[in-house]
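Working notes, beginning with the structure itself.
The values are calculated or read from the model by the stated rules, or taken from the named source; none is laboratory data. Because the structure is a prediction, the values reported are computed rather than measured. Here Cβ is always computed from backbone atoms with ideal geometry, including for glycine, and neighbour counts include all displayed protein chains. Areas reflect the complete protein model, heavy atoms only, side chains present, ligands, DNA and RNA absent. Shrake-Rupley method; radii C 1.70, N 1.55, O 1.52, S 1.80 Å.
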Amino acid sequence: MTKIMKRFLENNKEFLSDIEHLEKITGKTILKKILANSDEINFLSARSEIKFGKYLAEKFDNNLEYEPNILEKKPDWLVSTNEDKIICEVLRINIPNEKLQTKIKSYEANELNVDTSGCFVGLGCLNQNDLQKVLKKEKTYRDLIINDDFKLIICIDASDWDKKIDVKDIKDSFDFKNDKSPFYHKDFTQNVSGLIVMPYLGDTKFIHNISVKNKLDPKNLEILKM
């Protein structure tokens, strides 16, 4: 465990409580796995997984699995309820690694060093690299969606203040309605049921893809929209 990880856990008891709750729901050992990795960037990704795990548990109670093995794939979360098998894959959108490392070192030195220059609310902060990472999630699970009736929801953690990404930025980057739009992605639109976005400012929101080929159960859709 690194100094940053130790300090974070000491100052965020709620995070440990969330993990304990998720361990009870899923029957999996989660905290030990997180602490076994000493890479701070991976730790940030693990934090995102836990945040979305908590969100999904609040929505779907005990119908939640952590890192299930599905035909040689291991998604972050799986919701099984109302005859739906919903893969929920988490993606954290970070600032570039070199800037992130600087930010981590500042945190380690007990300094607050937030760079707010050059990045404002709008599409400018969701760059091509971020976009490709989101699109790649659909490619990873495409066969399970098409052949085995799984649904896919991509959980995007855009809460890093330096990126300044809000729900509208994400929504505008994926046009689920107009196949002539430059933001329309055919396979992505056909296969992804929706996006859950945790923005840098405001509440976590579900963006429903009304054009997905294999629809979510109406009960589950209503739960996600709440």
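Considering only residues of region 165-202 that are over 19 Å from residue 224 (Cβ atoms) and among the aliphatic types (A, V, I, L, M), which is most open to solvent (accessible area, probe 1.4 Å)?
201
Counting only residues that are within 20 Å of residue 154 (Cα to Cα) and in contact (Cβ under 8 Å) with a residue 12 or more places away in the chain, how many does region 27-60 have?
Qualifying residue count for the region: 18.
Identify, by number, the condition in (1) touching a strand residue (DSSP E or B) at 6+ places or on another chain (Cβ under 7 Å); (2) on the phi > 0 side of the Ramachandran plot that residue 83 doesn't meet.
Failing condition for residue 83: (1).
Tell me which strands (runs of 3 or more DSSP E) are completely within region 120-226 and hold 1 or more residues being closer than 15 Å to residue 92 by Cβ, or say none if there are none.
Filter on region 120-226 gives 151-157, 192-198.
Can you name the condition, by its number, that residue 38 falls short on among (1) part of a helix (DSSP H, G or I); (2) among the small types (Gly, Ala, Ser); (3) open to solvent by 20 Å² or more (accessible area, probe 1.4 Å)?
(1)
Look through region 41-54, keep the residues that are of a type in the set (Lys, Arg) and over 17 Å from residue 3 (Cα atoms), and return whichever of them is surrounded by the most Cβ atoms within 10 Å (Cβ to Cβ).
Ranking the candidates gives 51 first.
Could you list, in sequence order, all residues of region 24-42 that are closer than 21 Å to residue 62 by Cα and in contact with a helix residue (DSSP H, G or I) (Cβ under 7 Å, 6 or more places away or on another chain)?
Scanning region 24-42 gives 25, 29, 30, 31.
Which condition from (1) more than 16 Å from residue 156 (Cα to Cα); (2) open to solvent by less than 50 Å² (accessible area, probe 1.4 Å) is the one that residue 11 breaks?
Of (1) more than 16 Å from residue 156 (Cα to Cα); (2) open to solvent by less than 50 Å² (accessible area, probe 1.4 Å), only one is false for residue 11: (2).
Of all residues in region 55-94 being out of contact with any helix residue (DSSP H, G or I) (no Cβ under 7 Å at 6 or more places or on another chain) and at pLDDT below 95, which is surrounded by the most Cβ atoms within 10 Å (Cβ to Cβ)?
The residue in question is 61.
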